[in-house]
Amino acid sequence: MSFTVHEGHRDTDRPTGGVHVPAGAGVTTWFNGDIYGVRLTAEQTGGVIGVIEATVPPGGGPAPHVHAATDETFYLVGGELEFLDGDRVFTARTGDVVHIPRGTVHRFVNPGIQPAKLLFVYTPGGAEGLFVEGGDEPVPGVQVQPWGPERIDDRMLGLLGKYDTGLPPADR
């Protein structure tokens, strides 16, 4: 089998080679009781994609939120999570994939007794910067804790806006 490669306009803002991120590399932070490892960033991919590896303890997960210009896709590596997708609530289990189009209010929560592991992918990339800039440095030997309402201050609200994350009205 053969195919023809056409020379054409190249996007000079995109990287010219692949990106290899070794296991455990990237930035890991605690964010509102969850553990988020930023494995691939928009900066590394010319803005195309961002990839997060997450551990969500029982009861953990983000508040309902929305991305105006970013799609988000989740792959559940282990455990189960209850998802909100607009007005629909459902449970995803190991091996399931969930795609949330931009503009859709969503969240997930771990209803189980074991931590859930998942990957999530932002397209285009960029929203992953929220965890790098707004998360806490992990402390070895200490259990991650959820944040109290005092953490949602003007700085955090500014970061949410900077990284295409909005909070819907409180009735969700």
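Panel order for H20, H106, by other beta carbons found within 10 Å of each beta carbon, from fewest to most: H20, H106.
Between beta-carbons, use under 13 Å as the cut-off and find the net charge around T28, counting Lys and Arg +1, Asp and Glu -1. So the surrounding residues net to -4. Each of V121, V89 was scored by other Cβ atoms within 10 Å of its Cβ. Listed from fewest to most, they are V89, V121.
Each residue of the chain gets 161 Å³ once the volume of the Cα convex hull is shared out per residue. Site pair V77 and V89 shows an inter-label distance of 2.8 nm when each label is modelled 7 Å from Cα along Cα→Cβ.
List the relative contact order of the chain as a percent without decimals, with contacts defined as Cα pairs under 8 Å and 6+ residues apart.
Relative contact order of the chain: 27 percent.
Under the combined filter of DSSP loop state and at most 11 neighbouring Cβ atoms within 10 Å, region 63-122 retains none of its GluC sites (Glu not before Pro).
In the chain, helices alone account for a calculated mean residue ellipticity at 222 nm of -2500 deg cm²/dmol, with every DSSP H run of four or more residues adding -39,500 (n - 2.57).
Each reported figure results from applying straightforward, stated rules to the coordinates on display, with no laboratory input. From a predicted model like this one, the values you see are computed outputs, not experimental measurements. With ideal geometry, Cβ positions are generated from the backbone for all residues, glycine too; neighbour counts draw on all protein chains shown.
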